[in-house]
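Notes follow once the structure below has been shown.
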Amino acid sequence: MNLKRTTIIPIDDATLAKTVFDSYIEKEMMILMIIIGDTDTIRKAIPLADNLAKLTYFNMERWVLWVRNHETLKDTLMKQLAASDDPDADMDFNDVKCFCFSPVLDMAVSIVHKNSTLDYANLQQAFFKAQSHDTALTNPQNNNT
């Protein structure tokens, strides 16, 4: 895989994994896609997500973080999901295959279940949903009446 916009989170060093994750979550105006697991279907989805991450809309950078198992960053990711207003946020963490962080509030959105497909359309939809989550903050309307 020749990945340009994907960071593979280390699974053998918990401190380094957390440090790498934190360095991305702290960036402004970045939409992060977190893909969890290491199956054949995920390995096929990673290059698609990486390719979609090259696209930029409204000056919002995209990036993919690949966490190859559910144990690495489990506590951190579970806290992020618990704080989310996404209707699927309360699902069992081990059933989460993918989700995105909104660019301003860093809220977990676009949660994809393990049994869902990570095809081009679903990955693009996840990025767009995350981007639109903070629309009111990034594009305030002029209320002159």
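The values are calculated or read from the model by the stated rules, or taken from the named source; none is laboratory data. It should be emphasised that the depicted structure is a prediction, and the values quoted were computed from it without experimental measurement. So basically every Cβ, Gly included, is an ideal-geometry build from the backbone, and we count neighbours across all protein chains shown.
Only residues that are touching a residue at least 60 places away in the same chain (Cβ under 8 Å) and farther than 19 Å from Asn122 by Cβ: list them for segment 94-103, please. Even if it seems obvious, please write down each step before you answer.
Of all residues in segment 94-103, those touching a residue at least 60 places away in the same chain (Cβ under 8 Å) come to 96-103.
Scanning segment 94-103 gives a single hit, Pro103.
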Inset, instruction - Can you run down the residue pairs with Cβ atoms below 6 Å, 6 or more apart or on separate chains, where the first is in segment 67-81 and basic (Lys, Arg) and the partner is assigned to a loop (DSSP other than H, G, I, E, B) and surrounded by fewer than 18 Cβ atoms within 10 Å (Cβ to Cβ)? - result: Arg68/Ile11; Arg68/Asp38
Legend entry - Elements of type helices (runs of 4 or more DSSP H) in segment 4-93, at least 2 residues being over 23 Å from Gln124 (Cα atoms) and of a type in the set (Ser, Thr, Tyr): 14-25
Inset, instruction - For segment 70-90, indicate whether the set of residues that are in contact with a strand residue (DSSP E or B) (Cβ under 7 Å, 6 or more places away or on another chain), among the charged types (D, E, K, R) and either loosely packed, with under 14 Cβ neighbours inside 10 Å or modelled with pLDDT of 90 or more (or both) is non-empty. - result: no
Legend entry - Given (1) modelled with pLDDT under 95; (2) assigned to a helix (DSSP H, G or I); (3) surrounded by fewer than 16 Cβ atoms within 10 Å (Cβ to Cβ); (4) not hydrophobic (A, V, I, L, M, F, W, C), index of the condition Gln141 fails: (2)
Inset, instruction - Go through the residues of segment 97-106 one by one and say whether even a single one is in a helix (DSSP H, G or I) and either within 28 Å of Asp12 (Cβ to Cβ) or hydrophobic (A, V, I, L, M, F, W, C) (or both). - result: no
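Looking at segment 125-136, is at least one residue at positive phi and either modelled with pLDDT under 95 or out of contact with any helix residue (DSSP H, G or I) (no Cβ under 8 Å at 6 or more places or on another chain) (or both)?
Of the residues in segment 125-136, the ones at positive phi are none.
No; the residues of segment 125-136 include none that is at positive phi and either modelled with pLDDT under 95 or out of contact with any helix residue (DSSP H, G or I) (no Cβ under 8 Å at 6 or more places or on another chain) (or both).
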Legend entry - Failed criterion for His113 (all others in (1) within 14 Å of the chain's Cα centre (by Cα); (2) touching a residue at least 40 places away in the same chain (Cβ under 8 Å); (3) surrounded by fewer than 18 Cβ atoms within 10 Å (Cβ to Cβ) hold): (2)
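Of all residues in segment 21-47, count the ones that are more than 24 Å from Asp134 (Cα to Cα), surrounded by fewer than 17 Cβ atoms within 10 Å (Cβ to Cβ) and either among the β-branched types (Val, Ile, Thr) or touching a helix residue (DSSP H, G or I) at 6+ places or on another chain (Cβ under 9 Å) (or both). Give the steps one after another, and end with the answer.
Within segment 21-47, the first condition is being more than 24 Å from Asp134 (Cα to Cα), and the residues that meet it are 37-47.
Right, trim to surrounded by fewer than 17 Cβ atoms within 10 Å (Cβ to Cβ) and you get 38-41, 43-44, 47.
After this cut, where a residue has to be either among the β-branched types (Val, Ile, Thr) or touching a helix residue (DSSP H, G or I) at 6+ places or on another chain (Cβ under 9 Å) (or both) as well, the list is 39, 41.
Residues meeting the conditions: 2.
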Inset, instruction - Take the residues in segment 6-20 that are within 20 Å of Lys54 (Cβ to Cβ) and not aliphatic (A, V, I, L, M), then tell me which one is surrounded by the most Cβ atoms within 10 Å (Cβ to Cβ). - result: Thr6
Inset, instruction - Could you tell me whether Lys97 is on the phi < 0 side of the Ramachandran plot and modelled with pLDDT of 95 or more? - result: yes
Legend entry - The listed residue being within 24 Å of Ile11 (Cα to Cα) and out of contact with any Gly (no Cβ under 6 Å at 6 or more places or on another chain), out of Leu73, Leu52: Leu73
